[in-house]
Each structure stands twice: as C-alpha cells, then as structure tokens.
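In what follows, a structure is listed as structure tokens, so that the remarks can point back to it.
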Amino acid sequence: MKRVVSKEMYRVAQNLIPGGVNSPVRTFRAVDDFPAFIERGKGSCIWDVDGNKYIDYIMSWGAVVLGHAHDEVVDSVCEAARKGFGFGTATQGESVLAERILSAFPAMDLLRFVSSGTEACMTAIRLARGYTKRDKLIKFTGNYHGHSDSLLVAAGSGLATLSIPSSTGVPQSFIENTLVAPFNNLNYVKELFQQHKGQIAAIIVEPFVGNAGFIRPNKGFLEGLRELCTDHGALLIFDEVMTGFRLCWGGAQTLLNIAPDLTTLGKVIGGGLPIAALGGKGEIMSHLAPLGSVYQAGTLSGNPIAVASGIKTLEILGKEDSYAKLSQITQKLLNGILEAASQNGIKVQADGEGGMFGIFFAQEHVESFEDAKRSDLEMFKAFFKGVFNRGVYWAPSLFEAGFLSLAHSDADIVKTVQVIHDVFREMKQ
C-alpha cells in the first residue's frame, strides 16, 4: 500500500506542528510507522490522500457511532451552520439535547455542556472537591481522564509512595492530592480510604477501561467502589467519555445498574463534533456557578452546530435495535479474531461490549494496566502493520480500545476477519 502523498504531508506538518500532529498517538510512533493523512470518510470506511481505502475501527475514537458522514446528521449540521456558527448565548437546542441525555441516564438530574472530555473530567473533579470540601482524589492506573495537570499521574508500587507526574511541566504540588490505585483491586482502594480518612473527595474511574486497551471490571469491583464512596462521604465519578452511548443506551452505569454521583460524557453526544458534558445529582450539580461557588465557563460550550449533530445522532441511536446490532457485529468480529488466532497458534485475548472492543497479545486474561503492559508489543506491531497495509484501520497503539459503528456491515466483518487470518498466518511463519 503506497502512502507517498501522506509521507510528504507528514514531512511538511513536522515543520509546522510539534511532531507533525495535534494529538500524540496520531504519529503512529508506537508502531514504528508514519500516519496516513485522511481525506474523507463515509459509513464504515475512510480514504487517505493517496486514495487508499480502509475499514475503520477507530471511528474518531468512538465518537462517530452512526458511521462517517451520516446523511441525516450532515443535513442537521448544515441547517444549523446556515443559521450561524455560534452565538455565545443560550439556545433552545441545548435543552433539547440535555433532555435526551438525561432521559438515558437515570443517575443524572442536571448536566452542563463543555467542549471536551478533558474539560468535563476537570470540572467534575473541581465540583467534587467543592461539594465535599475535601482535596484528595483516587484514580486508577491506565485510566485516562484528559490532560489536565492533576490527572497526569503515575504511581509507585507502595501506598506510601509519592505520586509522580507523567508529564514534564506538571509541578509536584499539582498532583500531591491525587492517589493512584490498580484497576480491579478493591482492597487497595479500601486501604487508601483508611490511610486518608475524611480527606478523599472522589473516585474517578473508567467503568470499562478504554485507554489501556479494553479492560472489563471484575464482578463486584465497581459495586465495591460505590459502597466505599457512600460509606466514606466521597463522590463516585464515572468517566463515560468512551463508554457513554457506546455500550448501551445509558452507558456502563445502566448496563451494570450502578448509580455514580457524577458522570462525564464525550464527543459521541455530538456525533463526533467537539462537545462533552458532565452531569449528576441535582444537589451536587447546583454547586456549579451561577447557582453555586464552583466556577466553570466556556464560550463554545453548547455550540449550536455540535448540539444539532448530537440531537440527530441520539435520535437515530435511540432506535430499538441499535445496540443489539452493535453488540452482534462486535461479537462477530471478536469470534473471528479468536478463531483466526486459534487456527494459527497465536496467543490473543479479545473482549468487547456494545460497540467497543480490544485485543491483547497475551497468555492470560488482562484485568489491569499492569497486565496489559505484559502484552507482547512486537506482536502487536506486526499485527498492526499487517492489517493496516491490507486496508484495515486499527488503533496504532496496544493501549487503545477499538470501536465499531452502526455503519459496519457483515461484509466488513467478514473481510476484516479474513485479513486478520492472513496476517496471523504470516506472523506464525
């Protein structure tokens, strides 16, 4: 597969943009390659500037749940754009979209629109601290909640070890109140609550991890977090930027029947356009300005074009068979991957829920970021290059989940599984 034009565009971009990209994973550096510059998308497929066609399993990192350039969504966006790009004032569409989202999430009484998942999580944590009048936060290794300073944290091996920033430019003082625990390790969290009695404002967690590959919560883990927060007067924040409207109508919390105090949602609520939200109990949300003293603002919050896209996207997604179809095609893909791996003697762990999935080249079941890091990176690189060069657009990182859309067809899955089978056969030799 030739990518001559992409390579030249990447060379030009590197002289204009740090690393040539506006988000680090786009460099393909983790797989020892350079990016394809994408020109357009339609349905389940995208085309690069060299004319190469790919079946897309990134789908704008899960945001394009209906498929690229869905005709009805495009019409809604164009109609909104003709009225103006934004006004910096209240619009009726914000209430329409808010009502649709609130109807899907019983744990939410009120919500606030923002422009990105980072902003949603940052605001949720500020709100939790303002509401509880406590400073400390628990997060989990391998869980990504955006690039705000207090969340860019990695932890040492012991409970007493200081948190260490995982990015330069983040002062130690910014993250000293962030405590880090292993995902799926409830006892570790219990010890943190004992060690920091009356100081923990909230736990923030990806209920199904998507930023360390797809990792499922063990039975009782999230339920245990809910109980600990209730017992200790802390808030439970579900970061459903990836899982919200991806796993089912109402996200992971509806699937698992667990009610968090606050929830963050990402660009899937705008059909892929820049919009996000945080929502929760009215008692807590009323502490946000202008009702309360926790400040948050944004000129582009509730942008009318993104809102119009979101209203139409959720209208279509809310149809009765949407999630049954997403689950069916995801399971068909996973079954095909496992069968191809078995036939070729490749050790693969594959799992998914709704339209979200992940694979690891590992011997044992993966239930934490620590397990994920033991997955075979070289095997993944060979796999990625093999499928990519055959027209299957996979996440260029071992530690990213994949996504399907309602536009993916059985024919797409059959072709993808055949490609994977061929690649596994090549890898075995």
(request) Would you mention how many residues in the range 183-215 are out of contact with any Phe, Trp or Tyr (no Cβ under 6 Å at 6 or more places or on another chain), of a type outside the set (A, V, I, L, M, F, W, C), at pLDDT 95 or above and not in a helix (DSSP H, G or I)? (result) 6
(request) Quick one: in the range 16-25, of everything that is in a helix (DSSP H, G or I) and free of Cβ contacts under 8 Å to residues at least 40 places away in the same chain, which residue is surrounded by the fewest Cβ atoms within 10 Å (Cβ to Cβ)? (result) PRO18
(request) Determine which member of the set VAL25, VAL21, VAL5 is modelled with pLDDT under 90 and hydrophobic (A, V, I, L, M, F, W, C). (result) VAL25
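Residue-wise test of (1) surrounded by fewer than 18 Cβ atoms within 10 Å (Cβ to Cβ); (2) assigned by TED's automatic domain parsing to the domain that holds SER409; (3) out of contact with any helix residue (DSSP H, G or I) (no Cβ under 8 Å at 6 or more places or on another chain).
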{"site": "VAL77", "(1), (2), (3)": "no, no, no"}
{"site": "PHE87", "(1), (2), (3)": "yes, no, no"}
{"site": "ALA90", "(1), (2), (3)": "yes, no, yes"}
{"site": "VAL96", "(1), (2), (3)": "yes, no, no"}
(request) Scan the range 334-349 and report the pairs whose first residue is in contact (Cβ under 8 Å) with a residue 24 or more places away in the chain and farther than 19 Å from ILE215 by Cβ and whose second residue is assigned to a helix (DSSP H, G or I) and among the basic types (Lys, Arg), with Cβ atoms within less than 7 Å and a gap of 6+ or a chain change. (result) ASN344/ARG425; ASN344/LYS428; GLY345/LYS428; ILE346/LYS428
(request) Go over the candidates SER397, SER375, SER368, SER342 one by one and state the one that is outside the structural domain of ARG246 (by TED's automatic domain parsing) and under 28 Å from ARG3 (Cα atoms). (result) SER397
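The values are calculated or read from the model by the stated rules, or taken from the named source; none is laboratory data. Computed from a predicted model, the values in this text were never measured in an experiment. All Cβ positions, glycine included, derive from the backbone under ideal geometry; neighbour counts span all protein chains shown.
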